[in-house]
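*Asks:* Starting off with a structure, shown below.
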Amino acid sequence: MRRFLLLYATQRGQAKAIAEEISKQAGAHGFFADLHCLSESDKYDLKTETDPLVVVISTTGTGDPPDTAIKFIKKIRDKTLPPDFFCHLRYGLLGLGDSEYTYFCNGGKIIDKRLQELGAQHFYKTGHADDCVGLELVVEPWIDGLWTALNKQFVSSKRKADMTSDFSTPSNISLQTDLVKPEVLPIDLQIALLKLDDSGEKNSEASTQNITNVLSGTLIEDFEPSLTQSIPPLSRSALNIPALPPEYLDVQFQEPPGQEQCQVSFIPVDTVFQVPISKAIRLTKEDAIKTTLLLELDISNTAFSYQPGDSFNIVCPNDASEVQELLQRLQLSEKREHCILLKIKENNKKKGAAIPQHIPERVSLQFLLTWCLEIRAIPKKAFLRALVEYTSDSTEKRRLQELCSKQGASDYNHFIRDSYVSLLDLLHAFPTCRPPLSLLLEHLPKLRARPYSCASSCLFHPGKLHFAFNIVEFLSGVEPVTLRKGICTGWLAIMVDSVLQGNGNVSQGNDVEASFPEISIFPHTTNSFRLPNDPSVPIIMIGPGTGIAPFIGFLQHREKIQEQQPDGNFGAMWLFFGCRHKDRDYLFREDLDHFLKNGILTQLKVSFSRDVPAKGEDTSPKYVQDNIRLYSQQVTRILLQEKGYVYVCGDAKGMAKDVNDALVEILSKEAGVEKLEAMKMLATLREEKRYLQDIWS
């Protein structure tokens with residue numbers, strides 16, 4: 001069997017899952033995939049590799065390679081390597097990214113570019129999959145085409161004329177699929193069609209036209225597609241659905257061990273710090289659209305350290321009511337305290353089957369669902385395919401097949417991916433779907449820790465760490481519609497509220513010191529969002545809403561440094577801040593006034609998007625990018641003449657792109673260059689680490 005080397009680098013598991021899918025399909029196409037993580041450098045050697053190389057790599061942060069690729073990239077970036085170092089390599093690369101971020105698929109682009117510089121050549125075109133519109137729109141066709149490209153590569157590498165002439169490469173090699181015939185149409189359509197059949201015109205042209213009219217006329221307009229129902233042409237299509245993922249986990253329950261807890265630590269103890277919340281402040285007023293809290297953590301008794309601009313991770317649990325609901329739906333409520341014992345099924349067909357690393361040994365079912373599995377994760381198509389086998393109703397089964405099929409890609413994106421549908425939502429929508437616990441453990445990803453920006457300076461608040469967040473609230477997209485809170489922000493809010501009830505409700509701007517519970521935190525691995533080493537360099541800070549958080553740390557730090565060096569040379573500090581209402585959600589207003597009054601903050605430009613200008617007043621800027629345009633000369637001077645830094649923090653979906661567009665616009669205008677040249681200027685700032693972003697979706 002023809003071998004190729006398959007390497008992946010992942011941050012959240014997507015690249016690994018795709019690489020495993022490629023490995024699983026390889027055998028059916030006559031190949032053997034030698035699968036390894038990019039970090040496992042002891043298991044492969046690209047210097048001597050003669051077989052084709054396939055790389056699947058994700059992108060994290062605003063354009064960083066995943067942690068598992070950092071050492072590899074550092075190694076191949078060695079400037080002493082000759083330009084023909086990898087001239088023997090033939091490779092194909094699939095990059096994963098999100099076009100909402102500035103550096104789309106940058107992890108893959110870094111490796112792709114460097115391999116080319118070292119002499120490696122493509123045997124297959126590079127793919128860039130966009131999580132913003134759905135990875136599968138690129139991933140699935142890319143995998144389909146991979147087998148043809150590998151066939152051609154193995155043929156050409158033989159360099160034997162007789163083999164080349166005799167060998168016929170299939171022109172269309174596709175995914176292994178199960179062909180599913182069209183099943184149940186909506187009941188009104190069935191009745192209408194039966195009436196046409198009974199009219200005695202079954203075989204006539206008139207009957208054919210009547211059926212067409214029924215299927216394409218006003219009757220169809222009465223139906224809207226939804227999560228649970230499709231309409232033609234999808235409901236009448238033959239479907240290409242993924243092959244059924246092999247089940248490989250065997251779950252056993254063990255009686256609770258008396259008074260002893262079967263729960264153990266599931267995160268390395270040398271990286272996680274247990275710290276108490278020492279203070280809570282509500283930054284918004286009662287009538288604000290969003291509630292924003294500032295929490296203070298006491299890190300004085302730990303080795304945890306940070307710099308202004310750094311971020312950190314909070315280990316958080318799933319919502320308790322959702323865990324309870326899931327236990328009931330799985331009919332496992334009575335076994336919540338039982339310990340889970342996992343084994344690999346004998347004779348399973350999954351290549352490299354192993355117990356998922358994020359599932360610890362000997363923990364209770366309750367603990368597992370609460371702390372280990374991302375039960376709100378958007379189900380992938382492979383999971384939907386597996387759920388089909390545990391759904392008894394034919395209509396529900398057909399709809400699940402549609403949603404995981406190639407033909408149903410648009411419905412999957414709209415009704416599942418873009419609607420943030422979770423496993424619980426699916427179980428509500430498809431009542432006869434009753435999956436076993438083992439299936440959940442095979443498909444649900446690890447419950448991720450949530451990252452937050454540090455909103456303080458350890459010089460200003462020794463032994464303390466501040467962070468700010470909005471309490472995220474949204475409605476579920478499936479009946480029954482319920483109000484949900486963000487997994488981490490909802491949990492933190494509940495903890496704070498439970499303590500504040502005994503101290504009276506905290507009013508806006510007031511803080512309450514009380515006995516709060518401890519939470520688990522650990523440092524973020526890559527922190528580049530930091531102040532310049534030279535304090536004389538001017539900086540521009542752009543952060544609407546809670547995006548202002550790291551800049552409070554910047555300003556606190558600068559104040560203390562200036563106190564220590566009263567004769568020092570300190571650059572200007574500009575802040576562009578924005579919120580909805582001046583009197584409701586102007587975060588850190590008193591702090592900013594203090595920094596402005598004391599000369600720490602050189603310029604403060606604030607925009608209010610929802611406030612209506614008073615009668616007779618000029619229209620004020622609504623968003624931070626509007627204010628940036630008003631001060632285009634000063635911003636351009638700081639960035640180009642004074643070699644300053646610009647920092648952007650906040651929402652990636654709209655704000656970060658709008659700010660980027662505004663910067664391109666003002667650079668083009670003030671420097672008198674074309675838009676493309678202005679974009680190159682910004683790209684240079686990024687390369688010089690003078691245009692830094694801390695953004696999230």
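The values are calculated or read from the model by the stated rules, or taken from the named source; none is laboratory data. Remember, it's a predicted structure, so these values are computed and weren't measured experimentally. Ideal geometry is used to build each Cβ from the backbone, glycine not excepted, and the neighbour counts take in all protein chains shown.
*Asks:* Name the residue that is nearest to Tyr631 (Cα to Cα), counting only residues in the stretch 515-540 that are more than 25 Å from the chain's Cα centre (by Cα) and part of a strand (DSSP E or B).
*Replies:* Within the stretch 515-540, the match that is nearest to Tyr631 (Cα to Cα) is Ile540.
*Asks:* Additional query: List the pairs whose first member sits in the stretch 69-93 and is among the hydroxyl-bearing types (Ser, Thr, Tyr), whose second member is part of a strand (DSSP E or B) and surrounded by 11 or more Cβ atoms within 10 Å (Cβ to Cβ), and whose Cβ atoms are under 6 Å apart, counting only residues at least 6 apart or on separate chains?
*Replies:* Once the first residue is among the hydroxyl-bearing types (Ser, Thr, Tyr) and sits in the stretch 69-93, its partners that are part of a strand (DSSP E or B) and surrounded by 11 or more Cβ atoms within 10 Å (Cβ to Cβ) give Tyr91/Leu53.
*Asks:* Given (1) in contact (Cβ under 8 Å) with a residue 60 or more places away in the chain; (2) assigned by TED's automatic domain parsing to the domain that holds Ala280; (3) outside any loop (DSSP other than H, G, I, E, B); (4) not charged (D, E, K, R), identify the lone condition not met by Gly477.
*Replies:* Against the list (1) in contact (Cβ under 8 Å) with a residue 60 or more places away in the chain; (2) assigned by TED's automatic domain parsing to the domain that holds Ala280; (3) outside any loop (DSSP other than H, G, I, E, B); (4) not charged (D, E, K, R), Gly477 comes up short only on (3).
*Asks:* Right, something else. Every residue in the stretch 386-403 that is farther than 16 Å from Ala243 by Cα and in a loop (DSSP other than H, G, I, E, B), please.
*Replies:* Across the stretch 386-403, the qualifying residues are Ser392, Asp393.
*Asks:* With respect to the numbered conditions (1) in contact with a Cys (Cβ under 8 Å, 6 or more places away or on another chain); (2) modelled with pLDDT of 95 or more, which one is the sole condition not fulfilled by Lys343?
*Replies:* Against the list (1) in contact with a Cys (Cβ under 8 Å, 6 or more places away or on another chain); (2) modelled with pLDDT of 95 or more, Lys343 comes up short only on (1).
*Asks:* If I filter the stretch 366-381 down to residues being more than 20 Å from Pro245 (Cα to Cα) and touching a helix residue (DSSP H, G or I) at 6+ places or on another chain (Cβ under 6 Å), which single residue comes out as surrounded by the fewest Cβ atoms within 10 Å (Cβ to Cβ)?
*Replies:* Checked the stretch 366-381; the qualifying residue surrounded by the fewest Cβ atoms within 10 Å (Cβ to Cβ) is Thr370.
*Asks:* Pick from Thr10, Thr60: which is crowded, with 18+ Cβ neighbours inside 10 Å, at pLDDT below 90, within 27 Å of the chain's Cα centre (by Cα) and under 30 Å from Ala656 (Cα atoms)?
*Replies:* Thr60
*Asks:* If you don't mind, there's one more thing I want to ask. Within the stretch 681-697, which residues are surrounded by 14 or more Cβ atoms within 10 Å (Cβ to Cβ) and either under 19 Å from Glu100 (Cα atoms) or in the same structural domain as Glu100 (by TED's automatic domain parsing) (or both)?
*Replies:* The answer is Leu682, Arg686, Tyr691, Leu692, Gln693, Asp694, Ile695, Trp696.
*Asks:* For the stretch 18-48, enumerate the residues that are crowded, with 17+ Cβ neighbours inside 10 Å, among the aliphatic types (A, V, I, L, M) and within 23 Å of Glu442 (Cβ to Cβ).
*Replies:* Across the stretch 18-48, the qualifying residues are Ile18, Ala19, Ile22, Ala26, Ala33, Leu35.
*Asks:* Quick check on my filter: what residues within the stretch 414-453 are under 20 Å from the mean Cα position of the chain (by Cα), among the aromatic types (Phe, Trp, Tyr), buried (at least 17 other Cβ atoms within 10 Å of the Cβ) and not in a helix (DSSP H, G or I)?
*Replies:* Result: Tyr452, single match.
*Asks:* On the basis of being at pLDDT below 95 and among the β-branched types (Val, Ile, Thr), does Ile375 make the cut?
*Replies:* So Ile375 fails the test.
*Asks:* Of all residues in the stretch 461-477, how many are of a type in the set (A, V, I, L, M) and in contact with an Asp or Glu (Cβ under 6 Å, 6 or more places away or on another chain)?
*Replies:* 0
*Asks:* Looking at the stretch 324-333, can you tell me whether even one residue there is within 28 Å of Lys397 (Cβ to Cβ), surrounded by 19 or more Cβ atoms within 10 Å (Cβ to Cβ) and in contact with a helix residue (DSSP H, G or I) (Cβ under 8 Å, 6 or more places away or on another chain)?
*Replies:* Among the residues of the stretch 324-333, at least one is within 28 Å of Lys397 (Cβ to Cβ), surrounded by 19 or more Cβ atoms within 10 Å (Cβ to Cβ) and in contact with a helix residue (DSSP H, G or I) (Cβ under 8 Å, 6 or more places away or on another chain), which makes the answer yes.
*Asks:* Evaluate the stretch 640-653: report whether one residue or more is among the β-branched types (Val, Ile, Thr) and over 23 Å from Thr62 (Cα atoms).
*Replies:* No, the stretch 640-653 contains no residue that is among the β-branched types (Val, Ile, Thr) and over 23 Å from Thr62 (Cα atoms).
*Asks:* Here is a further query. Residues being within 24 Å of Phe570 (Cα to Cα) and outside any helix (DSSP H, G or I): count how many of those fall in the stretch 643-697.
*Replies:* 14
*Asks:* Next question, about the same structure. Out of the residues in the stretch 425-434 meeting the condition of being out of contact with any Leu (no Cβ under 6 Å at 6 or more places or on another chain) and of a type outside the set (Asp, Glu), tell me which one is nearest to Cys132 (Cα to Cα).
*Replies:* For the stretch 425-434, the residue satisfying everything is Leu426.
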